[in-house]
Every structure is written in structure tokens, then in C-alpha cells.
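Structure first, commentary second.
Quick note: the coordinates plus some simple rules give every number you see, no bench work behind them. Note that the structure is predicted; figures quoted are calculated from it, not measured. Glycine gets a Cβ as well: all are built from the backbone with ideal geometry, and neighbour counts include every protein chain shown.
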Amino acid sequence: MEVLVSMTIFLSSILTLIPVLHQIQLENRKLEERTIVAQYLYQSLQLYPNFHLLDNLETSKGEVILSFHPNPKYIEGCAEWTNVKNIQEQFCLYFTN
């Protein structure tokens, strides 16, 4: 009887921990991807309008699309991509002229 109870507790623990660890790993990759995209967008804004000199950036789910909207006082740069969870993300930075 004791073996059955301990085996049940052990299996319950394992079956709970595996999905939690997988979710943590996905979130970690999502944050890492977001950081890389933010750095790429920052570099592109500093080179604007010659940002095409940088290599294209690709994530695990496809290419990052950059868009720039110049205004008299600043330039808005936005990056769009699909993250590791297949969710469309957008990140924008503003650079003063």
C-alpha cells in the first residue's frame, strides 16, 4: 500500500513538473527573441534611412518586418514578428532627430 501511495505521489509530481518546465522554457525563448528584435530595431533606427545595410533578421517562426514612420521631431520604428508561441508581436521604439 505504501508503495502505491508513494508511486502515485511521484508520478503526480512528474506529470505536473514537465508542463511547467516546458512553459518556462517557452517564455525564456520568447523573452530572448524579444530582446534580439529590440536590439536589431535600435540598430536600424540609428542607421535610418540606411537601415537596409543590416542583414535581415529571422526568428524561429519567420522574418522580422520593420516599418519606419518619420515625424518632424522623431522617427517611430516598429518591428513585427511571430513569436515561439505563434502569436503576432509588435515592438516600437522612438528615436529623436
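What the table below lists for this structure:
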read-out	value
Anchor Lys61: lysines whose Cα lies under 28 Å away (excluding residues fewer than 8 positions away in-chain)	Lys30, Lys85
Unit charges on C-beta of K, R, D, E only; dipole of segment 1-58, Debye	100 debye
FRET efficiency, 1/(1 + (r/R0)^6) with R0 41 Å, evaluated for Met7 and Gln90 via beta carbons	0.30
Residues Tyr40, Tyr48, sorted so that the one with the fewest Cβ neighbours within 10 Å comes first	Tyr48, Tyr40
Mean projected area (nm²) of the alpha-carbon convex hull when the chain is viewed from all directions	7.8 nm²
Dipole in debye (nearest 20) - the chain, about Cα centre, beta carbon charges: Lys, Arg +1; Asp, Glu -1	140 debye
Contour minus Cα-Cα distance for Gln46 and Gln23 (0.36 nm per residue)	4.8 nm
